[in-house]
Each structure stands twice: as C-alpha cells, then as structure tokens.
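Trainee: This is the structure, below, for whatever I ask next.
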Ligand code: GLU
C-alpha cells in the first residue's frame with residue numbers, strides 16, 4: 001500500500017503534490033518522492049522518511065518547478081525504504097518516470113528478460129521493472145498509451161501506476177489494476193490519486209477508474225481506454241465526504257476500513273508467493289535445513305501471539321515438527337533450550353515490539369535461526385532476523401489489529417505448507433488442495449465480511465454484558481483467544497477464552513443466567529466435543545452464540561440461541577474466516593458502547609518497552 005498523486009494544470013505541481021501526499025501518508029510513510037517535467041525534462045526529488053523531509057528537500061516546491069508532476073509516499077514491499085528506492089522510479093534512459101502502488105507479482109521474470117535485453121537496474125523494486133518495461137515497449141511503438149497497454153498485459157498482480165513521459169510534457173498517464181486510483185477534475189487542472197482525500201480541498205468532481213483501464217490526462221481533457229484501447233465514455237461524480245471521513249474511506253473508524261481491507265491484504269501477501277501451483281517463498285530456506293529442524297518456537301505478543309498459537313497447531317498437524325507458541329515477554333526469561341536445529345519464528349506487525357526484539361536477540365545468542373513475519377519493511381526485527389517474510393497489509397492505523405493479523409496468518413500457512421512439503425509430510429493431492437483453498441481465501445474473507453449486518457444485530461443484543469466467555473477446541477481455541485482479546489481491547493467488556501474442555505476445571509463457577517458463551521465450532525473434527533461443552537454452560541443458564549461453518553452448522557445449531565455461519569475451507573485455514581465475525585462483533589459492541597475504537601484507552605499501536 002502507498003499513496004500516489006499526480007497533477008497537471010496551470011499552477012506549480014510540487015506544492016499541490018506535497019499537500020496531497022501529507023493527506024495520503026496514512027497509506028505509507030517510509031519514504032517519499034516527486035517528479036515533474038520542466039523544459040522538456042524530467043526532474044526528480046526523493047528521500048527516505050516522511051513527506052515533511054521531501055518538502056524540506058525541495059523547499060516547498062521552489063527546487064522542483066513544473067506544472068505537471070507525480071508524487072508518492074511509500075510503504076516498501078520490494079527493497080529497503082531508502083532514498084534511492086523511494087518513488088518515482090525512472091527508466092534506464094531516464095525518459096519515463098513512474099509512481100506505483102501495489103505489487104507486480106511476476107516482476108522477477110520480467111526483470112530477467114529485460115536484463116537479457118541489456119537493461120540495467122539500479123534497485124530491487126518491482127516498480128523499476130515496470131518503468132523499464134514501459135520504456136522498452138515505448139521505444140518500439142512510439143506511443144505511450146499503447147506502451148502502457150502492452151505493459152499492462154504482461155504484468156501480473158495488483159497495482160496502480162502514474163506515469164510521466166518526456167515526449168508528452170503536458171500529459172499524465174494512469175493505469176489501474178486492483179489497486180485504488182481515482183481521477184479528480186478541477187478548473188483547468190486534473191489529478192490522479194490513490195484516495196480522493198488527496199485532492200478533496202481542490203475538487204469534489206471525480207471520475208471512477210475501473211480495473212484494467214488506462215487514462216490519458218491533460219489539463220483540459222481526460223480520455224479513458226479499455227485494456228484493448230477502446231475509448232470509453234464516463235461521467236463525473238460528486239463526492240460529499242468531508243476530509244476526515246474521506247481519510248477513513250468514508251467510514252467512521254480506521255478499524256472498520258481496515259477490516260474491509262483484509263481481502264486485499266491477504267491477497268497481496270499470498271499471491272506473489274504462489275506460482276505455478278507451488279509455494280514460492282521470497283527467501284532461500286534450503287530443504288536440507290528444513291528437514292533438519294528439531295523444533296519451532298513461534299514467538300509474539302498480543303494478537304501476534306495468537307497467530308503463533310494457530311501456527312503451532314497447524315505446523316504440528318501438517319509438517320509434524322514439534323512446535324510451541326510462546327509469549328515473547330516470557331520466552332527470554334524461560335531458559336529456552338535452543339540450538340542450530342531450532343527455528344524461532346518472530347511475529348510482529350511493527351517490527352519494533354520490544355519484547356519480541358529481546359526474544360529474537362536471545363534466540364540468536366543461543367544459536368537458533370530466526371525467521372520473522374513483519375509488516376514494516378526494514379524494521380529492527382526484519383533487519384536482525386536471518387530470514388524475513390513480509391506481510392503486505394500496508395499501514396495499520398487502528399490500535400486493534402485486523403488486517404495485519406490476517407496477513408500474518410496467511411504467511412504462517414505458506415510457511416507451514418512449504419516446510420511440510422520439504423519434509424515430505426504432505427501428499428501431492430493434499431498440497432494441491434490446500435493451495436487451491438489458499439488462493440480462494442481472499443474471496444471467502446469477503447463473504448465473511450458480508451455477515452456484518454447479522455453480527456451487528458447480535459453485538460447490539462449482547463453489548464450490555466459484563467462478562468463474555470469464548471470457548472473452542474484446537475484452532476477454534478486459538479480463535480477464541482483472539483476473539484476475547486479484540487472484545488476486551490476495544491469494547492472494554494471483560495472477556496475470557498477457554499479451551500472447551502477446561503471450563504469444568506474452575507471457570508464453570510462463573511457461568512450463570514444469561515452469561516454469553518461465544519462458541520467456536522468451525523473445526524469439524526471436534527464439533528461434537530465443543531457442543532457438549534457448550535451444553536454444559538447452557539444447562540447453567542448461559543446464552544449460546546455459535547460461530548460455525550456451512551458443513552458443521554447442522555451438528556451444532558440445536559444448542560445455540562444464535563448462529564453465524566461462515567463458508568467452508570481447508571481446516572488449517574479456518575482461522576482466517578472465523579476471525580472476521582469476531583472482529584465485527586468486537587467492533588459493533590464497542591460502537592454501541594461509544595468507545596474510542598481506533599485509540600482504545602491505555603493502549604498504543606506498537607509496544608516499544610519491555
Ligand atoms: N512494490 C512497490 C515498492 O516496494 C510499491 C509499494 C507500495 O505500494 O508502496 O516500492
């Protein structure tokens with residue numbers, strides 16, 4: 001995720017772009033840059049850090065004069081967040097500049113081909129590949145929109161591009177494929193942006209730009225083309241949002257917006273790592289090393305820890321490697337027994353969680369290898385690990401994690417499958433089946449999000465409870481842990497998660513008339529067991545809300561007061577679907593209780609003290 005802006009008009013482009021990039025900074029903020037065309041030549045300024053750094057560098061625009069430009073605030077996915085890797089990227093000949101949001105899945109193949117054709121690259125980014133591909137095609141056909149259309153045909157993935165070409169000093173070209181991009185029409189000027197919030201103070205007239213389309217934009221004319229370059233007719237629309245609502249995509253809270261972004265975050269995390277029917281991790285894990293692993297520790301805090309709990313169950317089930325999920329804050333002081341055959345997997349959204357950093361350092365000191373699952377490129381945990389698998393969730397603003405959690409789960413599935421394959425514990429049929437289900441996950445998450453009206457009604461019904469219990473077994477227990485945490489952190493309702501079989505060993509004493517027991521019954525193999533546990537609470541007066549799957553629903557519905565049904569998937573992947581109603585429940589309960597949803601009391605986004 002990142003922020004793109006483009007401007008063409010009668011005024012100076014740089015100050016407009018700086019203002020817009022500040023508003024887009026919520027989409028990414030590890031580096032920023034801008035390019036203009038002035039006197040027939042592209043001029044470029046870029047820097048690591050915030051947009052404020054870029055503003056300083058170009059002195060508010062004085063050092064980057066031009067009436068057409070493209071700008072970018074980055075959230076690195078390919079290559080470190082350095083000055084050089086900031087966007088815009090230039091083609092090798094310097095005649096084409098592009099800004100890019102998203103990921104070009106097949107960039108490595110395209111890059112190799114371009115290198116074989118003599119192209120020299122200055123960075124590891126997928127963006128530079130797109131710049132050179134367009135330049136190459138332009139050199140052959142001499143028409144920029146044709147070159148962009150041909151490049152679009154060759155590039156796989158989800159991306160949006162803003163493009164400048166020196167031979168078209170008054171034209172912006174834009175391309176959209178599954179990443180957001182809108183076009184604004186002002187008085188004698190036009191804008192492209194990842195989000196309307198970028199130019200809402202300047203204009204409210206927009207064109208919606210659909211997937212696959214190409215736009216060719218001058219200050220007084222905007223033309224849209226289909227992928228086959230058929231000209232399209234479009235009408236403008238008027239946007240009524242105020243700026244602060246627009247930052248949240250028109251929603252009241254970042255958390256809600258981020259919940260809805262989960263299909264995109266999971267897709268961006270998975271799709272570049274599934275290629276030709278195989279898991280294709282972007283790190284080198286030698287098979288002989290994977291075969292020799294004696295134990296895996298999954299280490300994290302809060303929701304990241306609950307990702308670890310899911311990963312532990314899945315890794316043992318599928319890859320048969322003894323695994324443990326350990327709280328980062330405990331790991332360091334628990335005299336862990338580690339050696340070179342131990343793999344420690346550290347999970348952290350920010351990559352700066354102090355407890356997880358301490359655990360990582362201890363693990364390395366004791367000779368284990370560390371693989372981290374991190375969202376922020378170049379963060380401390382990423383830098384100090386032997387291997388990094390980045391989640392591609394983009395910046396997460398709400399303190400309560402949703403999309404980063406979902407992206408972390410997605411990475412654990414890839415890792416589990418990859419290790420199971422290397423160790424020969426999975427059959428080819430099972431491997432293919434799991435991979436198919438993995439690819440279908442973003443769409444199924446989308447279907448779970450459609451349950452939101454039902455969940456809202458239930459959350460409103462139960463939001464006055466002082467205590468809510470969550471029960472489940474196996475991965476359903478792992479989901480109960482996340483469901484209870486989410487509810488506690490944003491709605492302040494006291495919630496506890498229990499492994500279904502454990503209730504009777506004490507906690508059952510707390511069950512009384514109308515206690516709500518949210519029962520996770522998605523894991524078919526143990527559905528009968530969890531039903532018995534829920535029955536025990538029901539006999540003591542509890543109300544039961546069941547979260548189950550289509551295929552399990554009939555076995556469990558009879559004991560529930562209310563049921564939420566999610567789609568079926570491979571049993572290992574159920575947590576990715578089951579978590580959605582839990583997040584929605586916490587959100588709507590907090591909404592009724594008028595809580596500070598994006599910034600819950602006493603909490604911070606990343607915990608940088610031990
Ligand atoms: N893949 C590009 C990069 O790493 C764009 C990332 C983004 O969307 O910010 O630079």
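Trainee: Within the range 376-388, identify whether any single residue is surrounded by fewer than 22 Cβ atoms within 10 Å (Cβ to Cβ), closer than 20 Å to residue 286 by Cα and within 16 Å of the ligand (Cβ to nearest atom), and answer yes or no.
Mentor: Among the residues of the range 376-388, at least one is surrounded by fewer than 22 Cβ atoms within 10 Å (Cβ to Cβ), closer than 20 Å to residue 286 by Cα and within 16 Å of the ligand (Cβ to nearest atom), which makes the answer yes.
Trainee: Moving on. Being away from the ligand (no atom under 16 Å from the Cβ) and assigned to a helix (DSSP H, G or I) is the filter; apply it to the range 24-53 and report the residue that is farthest from residue 95 (Cα to Cα).
Mentor: 52
Trainee: Only one of 422, 440, 459, 398 is farther than 21 Å from residue 566 by Cα and over 14 Å from the mean Cα position of the chain (by Cα). Can you tell me which?
Mentor: Result: 422 is the single residue among 422, 440, 459, 398 that is farther than 21 Å from residue 566 by Cα and over 14 Å from the mean Cα position of the chain (by Cα).
Trainee: Hand me the list of strands (runs of 3 or more DSSP E) wholly inside the range 181-238 holding 3 or more residues that are at pLDDT below 95 and surrounded by fewer than 22 Cβ atoms within 10 Å (Cβ to Cβ).
Mentor: Answer list for the range 181-238: 205-208.
Trainee: Restricting attention to the range 7-22, which residues are assigned to a helix (DSSP H, G or I), in contact with a helix residue (DSSP H, G or I) (Cβ under 6 Å, 6 or more places away or on another chain) and surrounded by fewer than 24 Cβ atoms within 10 Å (Cβ to Cβ)?
Mentor: 15, 18, 22
Trainee: Across the range 448-480, what is the number of residues that are within 26 Å of residue 308 (Cα to Cα), touching a strand residue (DSSP E or B) at 6+ places or on another chain (Cβ under 8 Å) and in a helix (DSSP H, G or I)?
Mentor: Here the count works out to 6.
Trainee: Need the failing condition index for residue 299 against (1) outside any helix (DSSP H, G or I); (2) touching a helix residue (DSSP H, G or I) at 6+ places or on another chain (Cβ under 7 Å); (3) within 23 Å of residue 426 (Cα to Cα); (4) modelled with pLDDT of 95 or more, just the number.
Mentor: For residue 299, the exception is condition (3).
Trainee: Restricting the search to the range 165-180, which residues are in a strand (DSSP E or B), out of contact with any helix residue (DSSP H, G or I) (no Cβ under 8 Å at 6 or more places or on another chain) and more than 16 Å from the ligand (Cβ to nearest atom)?
Mentor: Listed by number, the list holds a single entry, 172.
Trainee: Could you tell me which residue of the range 496-531 is surrounded by the most Cβ atoms within 10 Å (Cβ to Cβ), considering only residues that are assigned to a helix (DSSP H, G or I), without any contact (Cβ under 8 Å) to a residue 40 or more places away in the chain and touching a helix residue (DSSP H, G or I) at 6+ places or on another chain (Cβ under 8 Å)?
Mentor: 500
Trainee: With respect to residue 391, is the statement that it is buried (at least 24 other Cβ atoms within 10 Å of the Cβ) and farther than 23 Å from residue 283 by Cα true?
Mentor: Answer is no for this residue.
Trainee: Looking at 138, 168 in this structure, which one is modelled with pLDDT of 95 or more, surrounded by 21 or more Cβ atoms within 10 Å (Cβ to Cβ) and out of contact with any strand residue (DSSP E or B) (no Cβ under 6 Å at 6 or more places or on another chain)?
Mentor: On inspection, the qualifying residue turns out to be 138.
Trainee: A further question follows. Looking at (1) at negative phi; (2) surrounded by fewer than 21 Cβ atoms within 10 Å (Cβ to Cβ); (3) touching a strand residue (DSSP E or B) at 6+ places or on another chain (Cβ under 7 Å), find the lone condition where residue 72 falls short.
Mentor: (2)
Trainee: Which members of the range 342-370 meet the condition of being within 16 Å of residue 327 (Cα to Cα) and in contact with a strand residue (DSSP E or B) (Cβ under 6 Å, 6 or more places away or on another chain)?
Mentor: 343, 344, 345, 346, 347, 348, 351, 356, 359, 360, 363, 370, listed by residue number.
Trainee: Something else about it: Pick from the range 92-126 the residues that are away from the ligand (no atom under 11 Å from the Cβ) and surrounded by 24 or more Cβ atoms within 10 Å (Cβ to Cβ): which of them is nearest to residue 147 (Cα to Cα)?
Mentor: Going through the qualifying residues, I end up with 96.
Trainee: Taking residue 73, is it within 12 Å of the ligand (Cβ to nearest atom) and either assigned to a strand (DSSP E or B) or over 20 Å from residue 198 (Cβ atoms) (or both)?
Mentor: So residue 73 fits the description; yes.
Trainee: When you check residue 80 against the structure, is it within 16 Å of the ligand (Cβ to nearest atom) and part of a loop (DSSP other than H, G, I, E, B), yes or no?
Mentor: Yes; evaluated as a whole, the condition is true for this residue.
Trainee: Another question, then. If you go through the range 403-447, how many residues are assigned to a helix (DSSP H, G or I) and free of Cβ contacts under 8 Å to residues at least 24 places away in the same chain?
Mentor: Total satisfying the criteria: 5.
Trainee: Pick from the range 127-157 the residues that are closer than 17 Å to residue 171 by Cβ and not in a helix (DSSP H, G or I): which of them is nearest to the ligand (Cβ to nearest atom)?
Mentor: My answer is 143.
Trainee: Here's another thing I want to ask about it. What are the residue pairs meeting all of these: first residue in the range 384-397, first residue farther than 17 Å from residue 345 by Cα, second residue assigned to a loop (DSSP other than H, G, I, E, B) and away from the ligand (no atom under 16 Å from the Cβ), Cβ atoms under 8 Å, and 6 or more apart or on different chains?
Mentor: Close Cβ pairs satisfying both conditions: 393/349; 396/349; 396/402; 396/605; 397/598; 397/605.
The values are calculated or read from the model by the stated rules, or taken from the named source; none is laboratory data. Being a predicted model, the structure only gives us computed values, none of them experimental. All Cβ positions, glycine included, derive from the backbone under ideal geometry; neighbour counts span all protein chains shown.
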